[in-house]
1. Just to be sure, is residue 124 surrounded by 16 or more Cβ atoms within 10 Å (Cβ to Cβ), over 13 Å from residue 70 (Cα atoms) and touching a strand residue (DSSP E or B) at 6+ places or on another chain (Cβ under 8 Å)?
2. For residue 89, indicate whether it is more than 21 Å from residue 129 (Cα to Cα), in contact with a strand residue (DSSP E or B) (Cβ under 6 Å, 6 or more places away or on another chain) and either modelled with pLDDT under 95 or not in a loop (DSSP other than H, G, I, E, B) (or both).
3. Return only the number of the condition from (1) assigned to a loop (DSSP other than H, G, I, E, B); (2) surrounded by 10 or more Cβ atoms within 10 Å (Cβ to Cβ); (3) in contact (Cβ under 8 Å) with a residue 60 or more places away in the chain that residue 95 does not satisfy.
4. Answer with yes or no whether residue 136 is within 22 Å of residue 43 (Cβ to Cβ) and over 15 Å from the mean Cα position of the chain (by Cα).
5. Going by the structure shown, is residue 128 in contact with a helix residue (DSSP H, G or I) (Cβ under 8 Å, 6 or more places away or on another chain) and either in contact (Cβ under 8 Å) with a residue 60 or more places away in the chain or not in a helix (DSSP H, G or I) (or both)?
6. Inside segment 61-84, can you point out the residues that are part of a helix (DSSP H, G or I) and under 18 Å from residue 40 (Cα atoms)?
7. Scan 16, 71 and give me the residue that is out of contact with any helix residue (DSSP H, G or I) (no Cβ under 7 Å at 6 or more places or on another chain) and within 28 Å of residue 132 (Cβ to Cβ).
8. Tell me the residue from 42, 58 that is surrounded by 12 or more Cβ atoms within 10 Å (Cβ to Cβ) and on the phi > 0 side of the Ramachandran plot, please.
């Protein structure tokens with residue numbers, strides 16, 4: 001079983017989001033995805049989210065400023081915890097590793113994105129939802 005996190009850093013005005021242009025795995029190459037990666041041994045999902053954000057964008061966002069709003073799982077294959085943060089630190093995000101960091105306008109996100117971002121981003125932005133517990137999606 002693989003355990004991952006991905007997250008979206010939105011600007012305070014909710015008009016921009018930070019996405020990465022993926023180089024790997026092969027099925028993601030050239031597509032935009034949230035910030036994230038594998039959860040390391042001994043790490044909680046929120047700790048992994050904080051670490052991945054800083055490693056990939058140079059931006060440190062503390063645990064208390066992330067909201068876990070979705071959990072996707074395919075039993076015996078993977079689990080993915082999905083987070084968002086609302087912070088103008090989005091404007092400070094920059095390319096740190098090989099994957100290019102992009103700050104995009106929400107109303108102008110290109111089509112070359114991981115398919116589930118088409119609903120994960122609007123779900124995070126739905127301010128009528130409180131996300132006391134993450135929404136869970138199970139693929140059979």
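1. No; evaluated as a whole, the condition is false for this residue.
2. no
3. Unmet for residue 95, out of (1) assigned to a loop (DSSP other than H, G, I, E, B); (2) surrounded by 10 or more Cβ atoms within 10 Å (Cβ to Cβ); (3) in contact (Cβ under 8 Å) with a residue 60 or more places away in the chain: (3).
4. Criteria met by residue 136.
5. For residue 128, the condition - in contact with a helix residue (DSSP H, G or I) (Cβ under 8 Å, 6 or more places away or on another chain) and either in contact (Cβ under 8 Å) with a residue 60 or more places away in the chain or not in a helix (DSSP H, G or I) (or both) - is not met.
6. Correct list: 63 only.
7. From the options 16, 71, the qualifying one is 71.
8. Result: 58 is the single residue among 42, 58 that is surrounded by 12 or more Cβ atoms within 10 Å (Cβ to Cβ) and on the phi > 0 side of the Ramachandran plot.
The values are calculated or read from the model by the stated rules, or taken from the named source; none is laboratory data. What you see is a predicted model, and the numbers here were worked out from it, not measured in a lab. Every residue, glycine as well, gets a Cβ built from its backbone with ideal geometry; the counts of neighbours run over all protein chains shown.
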